[in-house]
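Read the structure below first, then the notes.
The values are calculated or read from the model by the stated rules, or taken from the named source; none is laboratory data. Just so it is clear, the structure is predicted and the values come from calculations on it, not from any experiment. Note that we place each Cβ from the backbone using ideal geometry, even for glycine, and neighbour counts take in every protein chain shown. Calculation scope for accessible area: heavy atoms of the full protein, side chains included, ligands and nucleic acids excluded. Shrake-Rupley method; radii C 1.70, N 1.55, O 1.52, S 1.80 Å.
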Amino acid sequence: MLLAIDCGNTNTVFSIWDGQKFLCTMRTSTHHARTADAYFTWFTTLLKHYQINPQIEDIIISSTVPRVVFNLRVFSDRFFGCRPLVVGRVDCRLPNEPRVDAGTIVGPDRLVNSAGAHDRLGGNLIVVDFGTATTFDVVDYDGAYVGGLISPGVNLSLEVLHMSAAALPHVDISKPQSVVGTNTVACMQSGVFWGYIGLIKECCARIQDERKAEMKIIATGGLAPLFAETEKLFDVIDNDLTMHGLVVIHNHNKNNGMTHEQ
């Protein structure tokens, strides 16, 4: 079985793939000081809850937080006896190499999303990922990542408003009842919600205009359904996109003889 690990700035996700489906998905907060032993204790405790005893043979990691990779590699070696594939390292091949400016380091999450989206929908795509940052990834016809946009994430924007303006409270994002708010919380929620609706529509429209082509738009991340409630912004919402991309990249390496064990 394959253990796919996606480490983001806020959360780290573990999913177990049995070759046909994901058996379970588990989340923990991202913390660079978490040791391999701590990961294993947390992981095995949740496996007991799911009542499964998977035989992990391979591990693949995507991490936007470089400092956690060492302990995840130790976790893989110590408890499963395997050397993980790490997206972005030279020994982890991609189905299609990115076409960006020379010397540019593309975030592993964006490479993984591109691979997963192309496998499911073909090429000529825009992938909108609602994470700590809201990213727009452009996937060419052959599946290569060719660039994109990075904007502040929704929750990050609300947190900055709260931290930078003494009179503004901390609020959670939700669909407002009306555009014009009649209290502080409603004003903040409306500004962020409709502001991001406008951001998504305008960015996607300008990408398609620049590329002179209509493109499918796929969204991932926990807030994607919220923004899709009001308008037809996305062709597909796929919350397993990142994990699927990790499976695609692992299979590509395995089928081409690139995986390795210690």
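A few points about this structure:
- Folded to 0 to 90 degrees: helix 36-50 orientation relative to the chain principal axis, Cα: 80 degrees
- For the chain, the longest principal axis of the Cα atoms and the long axis of helix 154-164 meet at an angle of about 60 degrees.
- Sequentially through the range 70-80, phi angles give Karplus couplings (6.51, -1.76, 1.60; θ = phi - 60°) of 4, 5, 5, 5, 5, 3, 5, 6, 5, 9, 10 Hz, Gly and Pro residues having no value and appearing as x.
- Nearby aspartates and glutamates by direct alpha-carbon distance to K21 (threshold 18 angstrom, same-chain neighbours under 8 apart not counted): D6, E57, D58, D119, D238, D240
- Candidate lysines for bridging to K201, where Cα separation is under 27 Å - those fewer than 8 sequence places away on the same chain excluded: K175, K212, K216, K232
- Taking all pairs of distinct alpha-carbon atoms in the range 83-238, Kirkwood radius in angstrom: 16.9 Å
- The C-alpha atoms of the chain define a longest principal axis, and helix 184-211 lies at about 70 degrees to it.
- Normalised convex hull volume, the range 1-155, alpha-carbon set, Å³ per residue: 122 Å³
- Highest-first arrangement of 131-142, 194-205, 157-168, where packing means the average Cβ count within 10 Å: 131-142, 194-205, 157-168
- Under a model in which nothing but the beta-carbon of Lys, Arg (+1) and Asp, Glu (-1) is charged, the chain shows a dipole of about 360 debye around its Cα centre.
- The chain, accessible surface, carbon-and-sulfur percent (1.4 angstrom probe): 51 percent
- With θ taken as phi - 60° and the Karplus curve 6.51 cos²θ - 1.76 cosθ + 1.60 applied, the whole-hertz 3J(HN,Hα) list for the range 124-138 is 6, 10, 10, 9, 9, 10, 8, x, 4, 10, 9, 10, 10, 10, 9 Hz, x standing for glycine and proline.
- Overall shape of the range 99-186 was characterised from the C-alpha gyration tensor. The equivalent ellipsoid obtained from it has semi-axes of 34, 16, 9 Å, in decreasing order.
- Each peptide in 241-250, 13-22 was scored by the mean count of other Cβ atoms within 10 Å over its residues; highest first, the order is 241-250, 13-22.
- Put simply, the amide H of I217, placed in the peptide plane, has neighbours under 5 Å in I126, D235, V236, leaving out anything fewer than 5 places away on its chain.
- Among T64, Q189, F80 the positive-end extreme of the charge dipole of the chain (Cβ point charges): F80
- Gyration tensor analysis over the Cα atoms of the range 189-246 returns equivalent ellipsoid semi-axes of 19, 18, 9 Å (largest first, whole Å).
- Extent along the principal axes, Cα only, for the range 1-80: 30, 21, 21 Å, with the longest axis given first.
- Listed values for the range 235-241 are Karplus-derived 3J(HN,Hα) couplings in whole Hz (6.51 cos²θ - 1.76 cosθ + 1.60, θ = phi - 60°), namely 7, 9, 10, 9, 7, 9, 4, and x replaces Gly and Pro.
- The modelled label-to-label distance for the pair A205/V100, using points 7 Å beyond Cα in the direction of Cβ, is 2.7 nm.
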